[in-house]
Amino acid sequence: MTASGERIAILGAGANGASIGADLIAAGLDVTLIEQWPAHVEAMRSHRLLIRMPDREVTVEPYVVHLCEVAELRHPFDVVLVVMKAYDTRWAAELIAPHIADDGIVAAVQNGMTTDAVAAAVGEHRATGTVIEVSATMTEPGRVDRHTPPERSWFAVDDDPRGERVGELLRHAGRVDMFADIGSAKWMKLVSNASVLVPTAALGLPMLDAIRVAGMRELMLAAGREALAVGRARGHGIPPIFGLTPADVADESGVVETMLDALYERFVVAGATTTVLQDWTKGRHSEVDDLNGLVVNEGARLGIPTPANAAVVEVAHRIERGVLDPRPENAALLTSSVQ
């Protein structure tokens, strides 16, 4: 169990990290936010952190440090929640490793299969995997629009003592379910991400609008089914995520569609865009290589065709090279892979 006096770090205080951090701060916990966007750090220091939700606003005054100030920290953290992009995991875990208590825990609260990268930096005995489903955006420093308030957010954590310590914290930010096989739960989230994050972003549209474009639902389902097949070949099970029940995922042939519908019904709101489109809007690299790209690479290794995911990766790379813009016309490039 997490003691009230434990020191907690949120490593990555972007939209999701700041949302979780605000919930923990509001609960009276000892929280340090560590963030790489200088303007965001200074805005939180000067004007506090505002979380705007559909029915309310929450303002907290966080203790926040720049990445360059981590080396100056004197007291170790008992729990670190890593809420950064998947591709930033390795260096971020290495950065925080000297500042973790001997019995401390580092939880990868991220998309992608990032637990091994954390374990490589801090040791397997201090690393644990976590699944996150929170929808939030941030376009100005110090201000977050959180589309899924705590009562509509969801997390999965490992069903062991380390996971329970993390779960106790995350229960301040949303519903928490415990999983005996957190690796499979994380892969199931990757199946969902492969279906939605990059495909909808490639159209430059909110998630609710993108799925309505002709052929896109079929493309999204195809990408998810490929990811599921690759996961099964890797030895992963099919645990029910997003608050689904075992009965909901008993029919393997319908699992991807069930998850897609559950995601849209329970977590997606009008106007919400994916983290990938938010990254592209800001001129940043996305997590495509850690999501659809991982499916393609693992599919090649295991002999499983992944044409839908390959099309998604190709379009995403062209967008990131500046050859394409995210726009609805890109649907034709994606859907041709399933025709």
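A short reminder: the numbers here are calculations on the coordinates, not readings from a lab. A quick note: this is a predicted structure, and the numbers were derived from the prediction, not measured. So basically every Cβ, Gly included, is an ideal-geometry build from the backbone, and we count neighbours across all protein chains shown.
For the stretch 183-338, treating each Cα as an identical point scatterer without solvent, what Debye log10 I(q)/I(0) comes out at q = 0.15, 0.16, 0.20 1/Å?
Summing over Cα pairs of the stretch 183-338 leads to -0.72, -0.82, -1.27.
Which percentage, to the nearest 5, of the DSSP beta bridges contained in the chain is antiparallel? Don't jump to the answer; show the numbers that get you there.
Working: 12 of 42 bridges.
Among the beta bridges of the chain, antiparallel pairing accounts for roughly 30 percent.
Beta carbons within 10 angstrom, averaged per residue: use that to sort the peptides 285-291, 36-42, highest first.
Packing order, densest peptide first, comes out as 285-291, 36-42.
Once Lys and Arg get +1 and Asp and Glu get -1 on their Cβ, which of 236, 182, 286 lies farthest toward the positive end of the dipole of the chain?
The residue sitting most towards the positive pole is 286.
With axes computed from alpha carbons, what is the tilt in degrees of helix 182-202 against the longest principal axis of the chain, rounded to the nearest 10 within 0 to 90?
Tilt of helix 182-202: around 60 degrees.
So how strong a dipole does the stretch 7-180 carry about its Cα centre when Lys and Arg Cβ are +1 and Asp and Glu Cβ are -1, to the nearest 20 debye?
On the way: 16 positive and 26 negative charges, 81 e Å.
Charge dipole of the stretch 7-180: 380 debye, to the nearest 20.
Given H placed 1.01 Å from N in the peptide plane, which residues other than close sequence neighbours of residue 177 have an amide H under 5 Å from its amide H?
155, 156, 157
Helix 307-320 versus the longest principal axis of the chain: what angle, 0 to 90°, nearest 10, using Cα atoms?
60
What shape does the stretch 59-110 take by its C-alpha gyration tensor, where a ≥ b ≥ c are the square roots of the eigenvalues and a/c under 1.5 counts as rounded, a/b above b/c as prolate, and the rest as oblate?
Here the stretch 59-110 falls in the rounded category.
When ranked by the protection proxy of mean other Cβ atoms within 10 Å per residue, highest first, what sequence do the peptides 123-130, 95-102 form?
Final packing ranking: 123-130, 95-102.
State the volume of the convex hull built on the alpha-carbon positions of the stretch 168-261, expressed per residue in Å³ and rounded to an integer.
Values: hull volume 10.2 nm³, N = 94.
Measuring per residue, one finds 109 Å³ for the Cα hull of the stretch 168-261.
Rounded, prolate or oblate: which fits the stretch 230-320, taking a ≥ b ≥ c as square roots of the Cα gyration tensor eigenvalues, rounded meaning a/c under 1.5, else prolate when a/b beats b/c?
It is oblate, given that a/c is not under 1.5 and a/b is not larger than b/c.
Under the rule of -39500 (n - 2.57) per DSSP H run of 4 or more residues, summed and divided by the residues of the chain, what mean residue ellipticity at 222 nm is obtained, to the nearest 500 deg cm²/dmol?
When only DSSP H runs of four or more count, the value is -12500 deg cm²/dmol.
Based only on Cα atoms, what mean projected area does the convex hull of the stretch 84-134 have, in nm²? Intermediate values should be presented prior to the final figure.
Working: hull surface 13.0 nm².
Result: a mean projected hull area of 3.3 nm².
Across the stretch 280-296, in residue order, what do the Karplus-derived ³J(HN,Hα) couplings come to in whole Hz, using 6.51 cos²θ - 1.76 cosθ + 1.60 with θ = phi - 60° and x for Gly and Pro?
5, 4, 8, x, 9, 5, 9, 8, 4, 6, 8, 10, 4, x, 5, 4, 5
Quick check on the stretch 7-180: of the DSSP beta bridges with both residues there, what percent are antiparallel, nearest 5%?
Given both bridge residues lie in the stretch 7-180, the antiparallel proportion sits at roughly 30 percent.
Of the listed values (i) 0.98; (ii) 0.95; (iii) 1.05, identify the label whose number matches Rg/Rh (Cα atoms, Kirkwood Rh) calculated from this model.
Step by step, Rg/Rh (Cα atoms, Kirkwood Rh) for this structure corresponds to label (ii).
Which order do peptides 74-81, 105-112, 325-332 fall in by mean Cβ count within 10 Å, highest first? Before the final figure, lay out the partial values.
Details: 74-81: 20.0, 105-112: 26.9, 325-332: 15.2.
Most protected by this proxy first, the peptides run 105-112, 74-81, 325-332.
Using the eigenvalues of the Cα gyration tensor, what equivalent ellipsoid semi-axes result for the stretch 7-180 when each is taken as the square root of five times the eigenvalue, whole Å, largest first?
Semi-axes, largest first: 23, 19, 14 Å.
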